[in-house]
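Some notes on the structure that comes next.
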Amino acid sequence: NGTLALILYFLLAVHLGDHLAQSRMEVHLLSFVWAWFFVGRSLLPITFYRLTYVGLNPHGLGSLFTQVASWRICLSQVLASVILVTQSLTLLAAYGGAVLFALGYRRFVTARIGGMTGDTMGALVLLGQVIFALILGGMV
């Protein structure tokens, strides 16, 4: 399942990148490529808020983020927004949609398994990038 998901992820990423490259968007393609990676990593701290780690290994990498202060999470989102708005309002708007998705994803996973694991946090990075690109693709 994981291999198939990664194959589909990369196919979708290439297709979306190609679509955005051929469209008349206000965002320069290089800015989009940079934002693609930036957004995925910027969404990750959303999973740290009041994190309940439910991984099988109590010393897994996901457990490192259980004590992240809320103000640091908020600051990371403010800084990400400021950086994106310096590139384009369109990128910021697409990021806002990705943040809403991340909040819903976090709520869904927490309700489903009682918290987050390192794998579910990592999955948000990839899913957030796809959602960001889909939103951006719909805006052009």
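The values are calculated or read from the model by the stated rules, or taken from the named source; none is laboratory data. Here the structure is a predicted model, which means the values were calculated and not measured. FYI the Cβ positions are ideal-geometry reconstructions off the backbone, even for glycines, and counts take in every protein chain you see. Ligands, DNA and RNA are excluded from the accessible area calculation, which covers all protein heavy atoms including side chains. Shrake-Rupley method; radii C 1.70, N 1.55, O 1.52, S 1.80 Å.
Values computed for the structure shown
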quantity	calculated
Cβ-Cβ under 7 Å pairs, at least 6 apart or on other chains, the stretch 72-94 side in contact (Cβ under 8 Å) with a residue 24 or more places away in the chain, far side loosely packed, with under 13 Cβ neighbours inside 10 Å	SER88/GLU26; THR90/GLU26
Helices (runs of 4 or more DSSP H) lying entirely in the stretch 25-140 (those with 2 or more residues that are farther than 24 Å from ILE7 by Cβ)	29-43, 70-87, 89-113
Selection from the stretch 62-84 of residues that are surrounded by 14 or more Cβ atoms within 10 Å (Cβ to Cβ) and among the aliphatic types (A, V, I, L, M)	VAL68, ILE73, ALA80, ILE83, LEU84
Restricting the stretch 90-103 to residues that are small (Gly, Ala, Ser) and within 12 Å of the chain's Cα centre (by Cα), the residue that is surrounded by the fewest Cβ atoms within 10 Å (Cβ to Cβ)	GLY96
Residue in the stretch 43-60 that is at pLDDT below 90, open to solvent by 50 Å² or more (accessible area, probe 1.4 Å) and under 25 Å from GLY138 (Cβ atoms) present	no
